[in-house]
Amino acid sequence: MSEILQYLLSGITAGAIYAVIALGFTMLYNATELVNFAQGEFVMLGSLGLFSLLSALGWPLWAAFPAVTLLVGLLGVVLERLAIRPVKKPEPIALIIITVGASIFLRGLAMLVWGKDPHSVPGFGAGAPIRIGGAAIMPQSLWILAVVALLMAGLHLFTKRTLTGKAMEACAINRNGAWILGIPSDRMVLLAFAMSAALGGIGGIIISPITMAAYDMGTMLGLKGFCAAMLGGLGSHWGAAVGGLLLGVLESLGVGLVSSGIKDAIAFLILLVILMARPSGILGQKAATRF
Amino acid sequence: MKRRSMKSICWMTALVVALGMLWCAPTVFAAEAYKIGGIFAVTGPASFLGDPEKKSLEMAVDEINARGGIDGHPVEAVIYDTEGDPTKTVLAVNKLISKDNVVAIIGPSRTPTTLAVVPIVERLGVPFISCAAGIQIVEPVKPWVFKTAQSDVLAVAAIYKHMQKHGIKKVGILTVTNAFGVSGRDQLLQQAGNYGIQVVSEQAFGAGDTDMTAQLTKIRKEEPDAVICWGTNPGPAVVAKNMRQLGMTIPLYQSHGVASPKFIELAGEAAEGVRLPTGKILVADLLPESDPQKPVLLQYIADYNKRYGGGVSGFGGYAYDAMHLLAKAMEGTGGDKAKIRDNLEKISGHVGVSGTFNFSEKDHNGLGEDAFVMVEIRNGTWKLLQ
């Protein structure tokens, strides 16, 4: 019995990481209908940035956290201005390929700056694992869950209660219509890029004590985060969280009850089944004909 | 008629002599200096192998020339960068053989690049010493192909021997799903029986995975005496941390893939008590005076760090050993490739950086179990185990 409990806790640990990355995908998709495949690299930059500020410059965590978030957010703005905005015919497929290119570029850049070796980042609080009925979970996992919950609540309030949030959603639904109503859609897109990059950065910061920081960590995390977002329903904040946790728990149960060799295969198989049965994802509200 | 033919014969002779001299000219030069080809992944993802290998080869060449070369011939190394790419490696080897006329080739750094050029050197008959680890390079034995890097087989043997001595009978294994992990897993499963060890649980993890508690929980259920993890950073560090998290107190054995201070840094507190096999270079200072490799290792470390300002690793030793083995084999051959090959096969008791080499017709790696030592991490540093 304690094994099943441990599989669940392990799944929640991994799932919380996927959820926080899925939130970044969802944020940008909500405002621009764009899937940014450089999202994983923002996570990587958050982790490595935190490592540099904490270890190399000796900053305290409370100062490094907002500084890294801000820097990665700025990078999102730069990406939008230099790579997305100048595109003559902004068709979705062209923009997606551009984000893939940006991700390869950022990874190469990070390898030059931080080297190929992974770096270790200290945990936020006390290091002793918390034991529940024969199973154990690291305090850092609870930190991640708490931050994901806070971010989700914040995003929910932002899109439903503030004018800026509503304007952003209007841009996503119909950019021309929003423009006629006087919403500066260019600025909304820029803001969405900044916010989703910053979300990726925050994700990188809070997961780094568990995953460690390395230049090549973004690819796999980005893919898993994308799967989580699809699973939960792209565009829904709650869907991102549910999708992330579900993916993590399914993977972990797959390892425990079936085989660790085909862990990823199990997760992706379930993703396929869910997408075939319900293409908009578990919590997706909007029609699936967007693509 | 007769005079004309005489004249033309004269001309033809002159032409043949002139052509002959042209043809001979490079050969005469080659007899002056022996040319050795070096092909390493100096740049690209495997540059952590290729860069120290290139530097160590240059260092070994200078050492040989400083003591008067081979039978009075100086040695000249022609080095090309493969970038770890099989296609570029094939091009470089063709160039070395047909254009540079090298008498032997050292490298490349990786197993796939090595396997790509083995057919070429076999067909053309060029002595070839690879710096890659894969056992399939020398098994089955190919006449012209040798290698200096230790194989996984020896690392697994070192672990199992240590376990046998400490009464460990049941193990759980946890391997990464890439070439390194798969090769390690095969060896772990294959050799377990020889040491009376039973693999009770066999798990895998992805190179980018961030949490292995599920796999470890599954292993714990089978109640093994120890866990063996086979991978390269950062996965093994996560495994060490996860074992602490789950409160698992059985010994953790790691592979030589994490035998670097980086692992201790990544795993931190959780690295304490981890046991692993490593080439002796990591613990050269700690070796007993009776170890024949100790003076060779200390000399190599000191020379390398002096010449390149630090950064010594075991990888450079593969090329360093290859060059010195080759120099030994080339003595008295006048640069004849077949004779060099025959001599290489006869070398025994050569004490190098990676171990003591005893080549034979059946063994073109030549290293024994003493190429690895077992170490334990204590107080953030290595401790030699008996």
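The values are calculated or read from the model by the stated rules, or taken from the named source; none is laboratory data. Predicted model, so just to flag it, every value in this text is computed and none were measured. Glycine also receives a Cβ, built like all others from the backbone with ideal geometry; neighbour counts cover every protein chain displayed. Heads up: the accessible areas ignore ligands, DNA and RNA and are worked out on the full protein's heavy atoms, side chains in. Shrake-Rupley method; radii C 1.70, N 1.55, O 1.52, S 1.80 Å.
Structure notes:
- Solvent exposure ordering (accessible area, 1.4 Å, most first) of B:256, A:156, B:166: B:166, A:156, B:256
- Chain A - Rg (one decimal) and Dmax (whole number), Cα, Å: 18.8, 61
- If a spin label sat at a point 7 angstrom from the Cα of residue B:272 along the line to its beta carbon, the backbone N atoms of the stretch A:118-141 nearer than 16 Å would be those of A:127-129.
- Contact surface A-B: accessible area buried, both sides summed, square angstrom, 1.4 angstrom probe: 2300
- Hull volume in cubic angstrom per residue (convex hull over the Cα atoms of the protein assembly as shown): 208
- P(r) tail for the stretch B:224-380: Cα pairs beyond 19 Å make up 62% of the total.
- Estimated FRET transfer efficiency (residue A:131, residue B:221; beta-carbon r; R0 25 Å; 0.05): 0.90
- Restricting the stretch B:86-188 to trypsin sites (Lys or Arg not before Pro) in coil, as DSSP defines it, with at most 12 other Cβ within 10 Å: B:99
- Residue-averaged beta-carbon neighbours from other chains (10 angstrom radius) around B:239-252: 3
- Within the accessible area of the protein assembly as shown (1.4 Å probe), percent carbon and sulfur: 64
- Per-pair calculated FRET efficiency, R0 = 25 Å: residue A:63 and residue A:157 via Cβ, rounded to 0.05: 0.45
- Alpha carbon centroid spacing (whole Å) that separates the stretch B:37-84 from the stretch A:214-234: 43
- Accessible surface, 1.4 Å probe, highest first, among residues A:262, A:207, A:180: A:180, A:262, A:207
- Probe 1.4 Å - accessible area at residue B:144, Å² to nearest ten: 50
- Shape index of the stretch A:141-291: Rg/Rh, with Rg the Cα radius of gyration and Rh the Kirkwood radius from the inverse mean 1/r over Cα pairs, equals 1.01.
- At full extension, residue B:385 and residue B:200 could sit 64.1 nm farther apart than now, given 0.36 nm per residue minus the alpha carbon distance.
- Spatial separation of Cα centroids for the stretch B:131-182 and the stretch A:168-204, in angstrom: 54
- Where chain A is the region considered: accessible area per residue in Å², 1.4 Å probe: 44
- A cut-off of 5 Å between modelled amide H atoms, ignoring neighbours fewer than 5 places along the same chain, links residue B:133 with B:111.
- Helix-derived mean residue ellipticity, 222 nm - over the protein assembly as shown, DSSP H n ≥ 4, -39500 (n - 2.57), to 500: -18500 deg cm²/dmol
- Gain on full extension, evaluated as 0.36 nm per residue between residue B:370 and residue B:87 minus their Cα-Cα distance, stands at 98.3 nm.
- Computed packing ranks the peptides A:101-108, B:325-332 as B:325-332, A:101-108, most packed first, by mean other Cβ atoms within 10 Å.
- Expressed in Å, the radius of gyration and Dmax of the Cα atoms of the stretch B:142-262 are 14.4, 52.
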